[in-house]
Amino acid sequence: MKTRKFTAKTSREALRMVRAELGGDAVILSNRKLGENVEIVAVASEELADIAQRPEQPQGSGRPAVNTQQAVPDTRHQEQRDILGEIKLMRDMMQEQLACLTWSGMGQRDPQRNRLLRGMLNAGFSPVLSRQLLDKMPANADIAWAQKVLGHNLRVAAKEDDVVVRGGAVALIGPTGVGKTTTVAKLAARAVVRYGADKVALLTTDSYRIGAHDQLRIYGRILGVPVHAVRDTSDLRLTLSALKHKHLVLIDTIGMGQRDSRVAAQNEMLDETGVRRLLLLNAASSGDTLDDVVRMYHGAGVIGCIPTKLDEAATLGAVLDVAVRHRLALHYVANGQRVPEDLHEVNLDYLLHRAFKPYAEAAPFALQELEIPALMSGAALAMGGQYVS
């Protein structure tokens, strides 16, 4: 077995050397301080695989057995696989410990960076996005720098892409309770003010919820615009054809959980009829939930998102994080039930200010300083794509 030694000033640098030379599956055999440096002894995973697959030689023969399958019993193969599994487990544990030590050292060497990291995590930003941001952080940078970088990576719909200005058929999609019907009414009110009630129409595909059609019809009566209910793809196609003279047709869709089997059918119906879609994201939801919603609802026809319920969200980091990582353009933001007052154009300065507002140190969900290394070591080992430019 051919082992290699790697020496660097920090564990992080040594790990990078290991990955560059032996690959991400390299097995770390030892790690120790060597004066002011760190020494890591590692071996390529292929070396261990070769050992595990090497046939057992008969004693005294001086040459390998002719028939490998007969010479090595199945139990011997199993033992070797078990040993390999244990070595790989040890490698993963050591890599996690080294990454943990790296983040602990960062907190001591660069307390300002550590404070920014802690602030981002407590604001709801994911460890993955936070680490990528900090990797680009120059010396003496502060929250203002982080806000500027995030603002650069948050996409905002251009004026010409505004759904009210551009017109056409647009569906609002998202889980139950995210505010689709109310947001449809808010957008319709803006279009009525600008183009007149005769240029706007409302549709609903929601025939499941009791009173869903009645709620939209009440909004339609207040605004003076017609409301139509559609059942399936052919019905939607015929209705859109009849309303092609309208400037804007807004479609209120069925409220259902992101894992509901009907989500795929709804996406297919909107794709087949060429309807563009805006995904509504509940800003009060957790990051994992929002990530799940985007994965299930996202598609070629989704032109962007509208964060809703900003008035109910304690932090905004999660919804902004999801918008950055999934490259979702922000079209509007909604912060209440009033129609049409509680729909606003995107103000990035305001959103980022809200995202980084001070949090309560004693809050039960606030990360403490000693908890950050363990959390970030896992993120370091499971990095996804590149999200920050």
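The values are calculated or read from the model by the stated rules, or taken from the named source; none is laboratory data. Worth saying up front: this structure is predicted, and the values here are computed from it rather than measured. Here Cβ is always computed from backbone atoms with ideal geometry, including for glycine, and neighbour counts include all displayed protein chains.
Report the residue count in the stretch 286-341 for those that are under 21 Å from ALA264 (Cβ atoms), assigned to a loop (DSSP other than H, G, I, E, B) and of a type in the set (Ser, Thr, Tyr).
Summing the residues that are under 21 Å from ALA264 (Cβ atoms), assigned to a loop (DSSP other than H, G, I, E, B) and of a type in the set (Ser, Thr, Tyr) in the stretch 286-341 gives 0.
Listed residues VAL193, VAL227, VAL178, VAL200; which is of a type outside the set (Asp, Glu), over 34 Å from the mean Cα position of the chain (by Cα) and either surrounded by fewer than 16 Cβ atoms within 10 Å (Cβ to Cβ) or under 21 Å from GLY299 (Cβ atoms) (or both)?
Only one candidate qualifies: VAL193.
Taking the condition of being within 16 Å of SER45 (Cα to Cα) and among the hydroxyl-bearing types (Ser, Thr, Tyr), how many residues in the stretch 1-31 meet it?
Residues in the stretch 1-31 being within 16 Å of SER45 (Cα to Cα) and among the hydroxyl-bearing types (Ser, Thr, Tyr): 2 in total.
Here is a yes/no grid of residues against (1) under 23 Å from GLN337 (Cα atoms); (2) part of a helix (DSSP H, G or I):
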residue: ALA171; (1), (2): yes, no
residue: VAL178; (1), (2): yes, no
residue: THR183; (1), (2): yes, yes
residue: LEU187; (1), (2): yes, yes
residue: ASP198; (1), (2): no, yes
residue: ILE222; (1), (2): yes, yes
residue: ARG237; (1), (2): no, yes
residue: SER241; (1), (2): no, yes
residue: LYS244; (1), (2): no, no
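Test GLY336 against the stated conditions and say whether it is of a type in the set (Gly, Ala, Ser), surrounded by fewer than 20 Cβ atoms within 10 Å (Cβ to Cβ) and within 21 Å of THR181 (Cα to Cα).
Yes; evaluated as a whole, the condition is true for this residue.
Pairs, please: C-beta under 8 Å, at least 6 apart or cross-chain, first residue over 21 Å from HIS353 (Cβ atoms) and at pLDDT below 80 and in the stretch 135-147, second surrounded by fewer than 12 Cβ atoms within 10 Å (Cβ to Cβ) and not aromatic (Phe, Trp, Tyr)?
none
Can you tell me which condition LEU281 does not meet? The list is (1) at pLDDT 90 or above; (2) outside any helix (DSSP H, G or I); (3) out of contact with any Cys (no Cβ under 6 Å at 6 or more places or on another chain), and all the others hold.
Every listed condition holds for LEU281 apart from (3).
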